[in-house]
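Asker: Mind looking over this structure? Questions follow.
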Amino acid sequence: MRGGRATRVKTAKVAFGTGQQAQFTEWKVSCDGARTNVASYSQRVWYVRAKKVIVVDHWKTPGLDAILGKAVWK
């Protein structure tokens, strides 16, 4: 079995709660890098350097981006 290939779909600075910005990257990861048009999944990553926080979403959870945008830092 061969490993999959990841392709960056999007990169942007996004709001991550009050007063924080995250580096957001979305990847499309194929299940078999040797073939095209095979099963794949999306992986989304938010990284907040100032807070040393990383959130990884392997399931493209509906609404997660809005929830993280309203995060409260304590």
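Asker: Residue 42: net charge of surrounding residues, Cβ under 11 Å, Lys/Arg +1, Asp/Glu -1, itself excluded?
Answerer: Every neighbour counted, the sum reads +2.
Asker: Now, a different point. Work through the residues other than residue 65 whose Cβ is under 15 Å from its Cβ and net out their charges, Lys, Arg +1 and Asp, Glu -1.
Answerer: +3
Asker: In the structure shown, do any of 28/51; 28/52; 28/60; 51/74; 52/74 have a Cα-Cα gap over 20 Å, and if so which?
Answerer: Table pairs above 20 Å Cα-Cα are 28/51; 28/52.
Asker: Rounded to whole Hz and in sequence order, give me ³J(HN,Hα) for the stretch 5-16 from the Karplus expression 6.51 cos²θ - 1.76 cosθ + 1.60, θ = phi - 60°, writing x for Gly and Pro.
Answerer: So the Karplus estimates, Gly and Pro as x, are 10, 9, 10, 5, 9, 7, 9, 7, 8, 9, 5, 9 Hz.
Asker: Follow-up. Using amide H atoms built 1.01 Å from N in the peptide plane, name the residues 5+ places from residue 53, or on other chains, whose amide H lies under 5 Å from its own.
Answerer: Hits under the 5 Å cutoff: 48.
Asker: With each label point set 7 Å from Cα along the Cα-Cβ vector, what nm distance links residue 74 and residue 28?
Answerer: With each label point 7 Å from Cα toward Cβ, the separation is 4.1 nm.
Asker: Tell me which residues come under 5 Å, amide H to amide H, from residue 32 once H is placed; ignore anything under 5 positions away on its chain.
Answerer: 5
Asker: Still on this structure: For residue 64 and residue 13 in the same chain, what is the full-extension length gain: residue separation times 0.36 nm, less their Cα-Cα distance, in nm? Intermediate values should be presented prior to the final figure.
Answerer: On the way: separation 51, 0.36 × 51 = 18.36 nm, distance 1.57 nm.
Extra length from residue 64 to residue 13 when fully extended: 16.8 nm.
Every number here is computed from the coordinates shown, using simple stated rules; none is lab data. Note that the coordinates shown come from a computational prediction; the quantities given were computed from them, not determined experimentally. Every residue, glycine as well, gets a Cβ built from its backbone with ideal geometry; the counts of neighbours run over all protein chains shown.
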